[in-house]
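The values are calculated or read from the model by the stated rules, or taken from the named source; none is laboratory data. Fair warning: this is a prediction, and the values are worked out from it, not measured in the lab. Every residue, glycine as well, gets a Cβ built from its backbone with ideal geometry; the counts of neighbours run over all protein chains shown.
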Amino acid sequence: MRPKSIPPVSQQVSQPRYCHLEKAIQRSRRGLHVACAGHEVCRPDYVMKRPGFPCYGLEYVDSGSGMVRLNARWYPLRAGVLFVYGPTTAHHIISNPKTPLRKFFIDFFGREAGRLLGAGSVAPGTAVQISELEAYRALFEILLTEGGRGLDATPKISAALLRILIWKTKGAQPPNVSDRRSPTQTFQHCRDLIDERHLELRDLGDIARSAGIDKAYLCRLFRAHGYPSPYSYLVRKKITKAAEWLAVEGCRVQEAALRAGFPDPYHFSRVFKREMGQSPRAFARRRQ
């Protein structure tokens, strides 16, 4: 069988990042091989419709919304949805013009590919909702970085990262079409998200991605419920935790800054003083 090649990348995207590892697609080749991977910001008019694909394709929604039809079934697309298509999978992807998709993808092939998909919870023509949004995003970012290095070990590293991504789908469930929260429920979900994960969230974009909603809508929700901006709420949570470390644990200022997610201790001191009314050193001295 003559090798096939990956179709040209879509022109309906902006800010694309790609790494190309294999040009010739040979599905009967031993092992697992990543042909290419990438991250795309879809334009509002983005539509992709194919009757099949030369190899397997795995796509993961980073943010935004839309719909995908895999063979005859439609699935909603939002942050954390991962779907797979194969050589015989007809797929139709539509981005929501109001909240365009941002998504990662990996095209792969080899004898191991089918068995690997069977070891997870995704098969060609299916979609699942991932709960570990930031962990998945980090794995895709690592894969893109490693895939672009062009080292002798790059193909093996990329295949290993793909295995992890698929193995981690084990137990994931299909996205719920009827999962529709009210604005108040969405606000409460976002607030609880910050309360629980404020040390790992970095900025407004992190909060919105983890909640699976648009940044502007997130800000409107907090404003409508009488709260400061979600980023201000996040910063307040970080500084409150840092103050606890300084007062109770006797933590050094630089260490508290790093643990709270402020790599620059001077910036941390300015923010701390703005939130607490005094510098972190003065705060720590008064409580010793």
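Taken over segment 176-187, the residue count meeting the criterion of being out of contact with any Leu (no Cβ under 7 Å at 6 or more places or on another chain), surrounded by 11 or more Cβ atoms within 10 Å (Cβ to Cβ) and either β-branched (Val, Ile, Thr) or modelled with pLDDT of 85 or more (or both) is 1.
Here ALA35 fulfils each of the conditions (1) within 11 Å of TYR85 (Cβ to Cβ); (2) outside any loop (DSSP other than H, G, I, E, B) apart from (1). Counting the residues of segment 95-135 that are modelled with pLDDT under 90 and in a helix (DSSP H, G or I) gives 5. Candidates are the residues of segment 99-123 that are touching a residue at least 60 places away in the same chain (Cβ under 8 Å) and out of contact with any Leu (no Cβ under 7 Å at 6 or more places or on another chain); the one that is surrounded by the fewest Cβ atoms within 10 Å (Cβ to Cβ) is ARG111.
Would you check if SER158 is of a type in the set (S, T, N, Q), modelled with pLDDT of 90 or more and in the same structural domain as ILE25 (by TED's automatic domain parsing)? Break it down stepwise before answering.
Numbers: of a type in the set (S, T, N, Q): yes; modelled with pLDDT of 90 or more: yes; in the same structural domain as ILE25 (by TED's automatic domain parsing): yes.
Yes; evaluated as a whole, the condition is true for this residue.
Of the listed requirements (1) part of a strand (DSSP E or B); (2) at pLDDT 95 or above, THR89 misses just one: (1). Remark: VAL34 matches the filter, which requires a residue to be modelled with pLDDT of 95 or more and not assigned by TED's automatic domain parsing to the domain that holds ASP206. Taking segment 136-167 as the range and being closer than 15 Å to ALA113 by Cα and either in a loop (DSSP other than H, G, I, E, B) or of a type in the set (S, T, N, Q) (or both) as the test, only SER158 passes.
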